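K.L.:
Questions regarding the structure given below will be posed in turn.
What follows is calculated from the coordinates using simple rules that are stated; it is not laboratory data. The shown structure was predicted, so the numbers you read here are calculated from the model rather than taken from an experiment.
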Amino acid sequence: MYKFFVPLCLLIGSYQTVHAQNYYSTSEYGISVGASQYFGDLNDEYGFKYIRPAIGAFTRYHLTPYISLRGSLLYSHLGYSDHLSSNPYNRKRNLSFQTDVYEGSIQAEFNFFRYHTGEINSRFTPYLTGGVGAFYYNPYAIYNDKKYFLRPLGTEGQQAGINGRNYSKVSWCFPIGAGIKY
């Protein structure tokens, strides 16, 4: 099933709403659909065995036909498990985690060509985007049908006797990207 899900998400990209009677609008809104995958200590083979959907909503305000500001909210579910590994040591180690990730960001977009919603000759442009945001996550594992949150357990060495090793449930992010608007 996931073999078809990822290409479908890549084809869909993001959907923008445009109203036929509302030409030359300075703002837009839409939804984003994609996929997420964890890469890290548990997925050290960088496999794509736990792909999950990612969804979001955004609003964009056009300052000029070349510069826009964008605000977005995104949700995804990440996780991985050693039972997905082909490494015998990892399979015996039997670690796993899951977490819901909620992200909010503000980004600036630069359009390479003149872009204006509803203007026939200005409806296509490649663009670059970058900004700042924050995300919330709280990893947990399921053991014997019970949910255990991992942060208080110090699963990443937080309680190894070194002060200041606790991590927050909220962290900064610096989203960057490129795409095509049409």
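K.L.:
On full extension of the chain, what length is gained from Asp145 through Leu69, given 0.36 nm per residue of separation minus the C-alpha to C-alpha distance?
P.N.:
22.9 nm
K.L.:
Now for a separate question. Contour minus end-to-end for Ile180 and Phe124, with contour as 0.36 nm per residue of separation and end-to-end as the Cα-Cα distance?
P.N.:
Using 0.36 nm per residue and subtracting the Cα-Cα distance, I get 19.4 nm.
K.L.:
Each residue of the range 93-103 in order: what ³J(HN,Hα) in whole Hz does its phi give by Karplus 6.51 cos²θ - 1.76 cosθ + 1.60, θ = phi - 60°, with x for Gly and Pro?
P.N.:
Ordered by residue, 3J(HN,Hα) equals 4, 6, 8, 7, 7, 9, 7, 8, 10, 10, 10 Hz.
K.L.:
How large is ³J(HN,Hα), in whole Hz, for each residue of the range 77-91 in order, when computed from phi with the Karplus curve 6.51 cos²θ - 1.76 cosθ + 1.60 and θ = phi - 60°, using x for Gly and Pro?
P.N.:
Residue by residue, the range 77-91 yields 10, 10, x, 6, 9, 4, 5, 8, 7, 8, 7, x, 4, 4, 5 Hz.
K.L.:
Hey, how much of the P(r) for the range 57-168 falls beyond 23 Å, as a percent of Cα pairs?
P.N.:
Across the range 57-168, Cα pairs with separations above 23 Å total 55 percent.
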